[in-house]
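Report on the following structure.
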């Protein structure tokens, strides 16, 4: 099977899928169990062919290894323990030698320079104990797209071994912070999910907050304070670099977020000291008011099917989580535990809502079902904010602020849904308000 895709870099590449066998039972990872023994995986250096760049053959497996190891589900075997060399794997796999070093899964591949200047990257995944090929694919693309190909391969391996979609071929937009605490510079920045290819999207002359990815297009919505110190909602087109104001509204504007189809933006507008949630069609530019309570209603988040919206409100006297139909009907409270609740974000799977909980001087990251049942706290910190879901709904990113001798520091983190494998996301300097993209097109 061959299909043609267009990357966010406007580079066309082809995908060839090789036949694959049934997955061996020992190799299926249950990502919902939390602490477990990671599967030992051997990823060999790819073999360069026809004058191909040797660096690609070495660097692609390194990125694949880094992606898989970052999940905590896989243990990468040290290449120094490999008995069979990469070149001989192309003709015969000596499975007993890979069993001897306890490899349960084996990945090998080739990199070939094509006459038209493109590069063909091929990989195969094997079940060592079952002595079968699980999957294999070949990608033909321009050489500068090699890093994205590595992420796509890692996604295929992750999917074959866990049964869940991967999330490595995605990006994170965030607020890059620098400067002293009393004069903080905040710029919109974007990077690959592993911290590579970082770049700034705004100059830092205007304060930016709460960037959010469109689920369906390569656009971002965010809040910016301009020269008149008035907050305005902007849309940024990543492919063209064009920015436009969503609209000028009386009062203050907060927390913009796209609908699943990318055609609407939900936001909170504050007028006369009262904040309500509105939704605006980006084509008609006609805002529709959804809430009308005496409290502060903010932080709207659509369900992935677009039928409901989660939000936070203090209408009952304290910050709590609510859900309503997309037209504002059937508003009901879903959080009833101790403490205050904020920042609800619907999982792309639709099964959970992530939130921030404030209790006894601590901030907690938690999840609950859309009806409010099954509340579970995943991690906590001195100050923790901004939850955002990976596109497969199994990992959450957020930011932590920590006090220090030179002022506070702010770093991005991710953690899996079970509360394990928390680690820092690489950024150039401090970062806050992360927003995970869907998988790249």
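Name the most mobile residue of 64, 101, 157, meaning the one with the largest mean-square fluctuation, in a Gaussian network model of the chain with Cα contacts below 10 Å.
101
Anyone know which of 112, 253, 91 comes out most mobile in the 10 Å Cα GNM of the chain?
91
For 357, 264, what's the fewest-to-most ordering of other Cβ within 10 Å of each Cβ? Write out the running numbers ahead of the final one.
Details: 357 24, 264 19.
Fewest-to-most Cβ neighbours within 10 Å comes out as 264, 357.
As a test of the formula, what do you get for the chain when each DSSP H run with n ≥ 4 contributes -39,500 (n - 2.57) and the sum is divided by the residue count, at 222 nm and rounded to the nearest 500 deg cm²/dmol?
Details: 3 runs with 40 residues, N = 441.
That comes out to -3000 deg cm²/dmol.
Pick from 279, 121, 185: which residue has the top mean-square fluctuation in a GNM of the chain where Cα pairs under 10 Å get a spring?
Answer for the Gaussian network model of the chain: 185.
Using the Cα gyration tensor of the range 316-373, with a ≥ b ≥ c the square roots of its eigenvalues, what is the shape: rounded (a/c below 1.5), prolate (a/b larger than b/c) or oblate (neither)?
oblate
Given R₀ = 35 Å, FRET efficiency for residue 409-residue 75 by Cβ-Cβ distance, to 0.05? Before the final figure, lay out each step's value.
Working: r = 31 Å, r/R0 = 0.89.
So, using R0 = 35 Å, E works out to roughly 0.65.
Can you pull the one-decimal nm distance between simple spin-label points at residue 242 and residue 185, each 7 Å off the Cα toward Cβ?
Spacing of the two 7 Å Cα→Cβ label points: 2.9 nm.
As an exercise, use a Förster radius of 30 Å and the Cβ-Cβ distance of residue 54 and residue 420 to find the FRET efficiency, rounded to the nearest 0.05. Write out the running numbers ahead of the final one.
Numbers: r = 37 Å, r/R0 = 1.23.
Step by step, r from the Cβ atoms, then E = 0.20.
Take the alpha carbon gyration tensor of the range 287-386, find the square roots of its eigenvalues, order them as a ≥ b ≥ c, and report rounded if a/c is under 1.5; if not, report prolate when a/b exceeds b/c, else oblate. Can you show the working numbers first?
On the way: a/c = 1.97, a/b = 1.35, b/c = 1.46.
Oblate.
If R0 is 25 Å, what FRET efficiency do you get for residue 114 and residue 159 from their C-beta distance, rounded to 0.05? Working shown, then result.
On the way: r = 27 Å, r/R0 = 1.07.
Calculated value: 0.40.
Sketch the reach of a paramagnetic label on residue 305 as a point 7 Å from Cα along Cα-to-Cβ, and name the residues of the range 327-344 whose backbone nitrogen lies under 17 Å away.
Once the point is set 7 Å along Cα→Cβ of residue 305, 327-330 turn out to lie under 17 Å by backbone N, inside the range 327-344.
Want the number for residue 85 to residue 382: 0.36 nm per residue separation, take away the alpha-carbon distance, what's left?
Details: separation 297, 0.36 × 297 = 106.92 nm, distance 4.91 nm.
Computed gain between residue 85 and residue 382 is 102.0 nm.
Label-point separation (nm) for residue 332 and residue 402, each offset 7 Å from Cα along Cα-to-Cβ?
4.2 nm
Averaging sequence separations of C-alpha pairs under 8 Å and six or more residues apart, then dividing by the length of the chain, give the relative contact order as a whole percent. List each step's numbers first, then the result.
Numbers: 1115 pairs, mean separation 50.4, N = 441.
The normalised contact order for the chain reaches 11 percent.
If I stretch the segment between residue 216 and residue 62 completely, what's the gain in nm (0.36 nm per residue apart, minus their alpha carbon distance), one decimal?
Working: separation 154, 0.36 × 154 = 55.44 nm, distance 3.02 nm.
Fully extending the segment from residue 216 to residue 62 adds 52.4 nm.
Read the figures in this text as sums done on the coordinates, not as results from a lab. Just so it is clear, the model here is predicted, and its values are computed rather than measured. Neighbour counts are summed over all protein chains in view; Cβ atoms, including those assigned to glycine, are modelled from backbone coordinates with ideal geometry.
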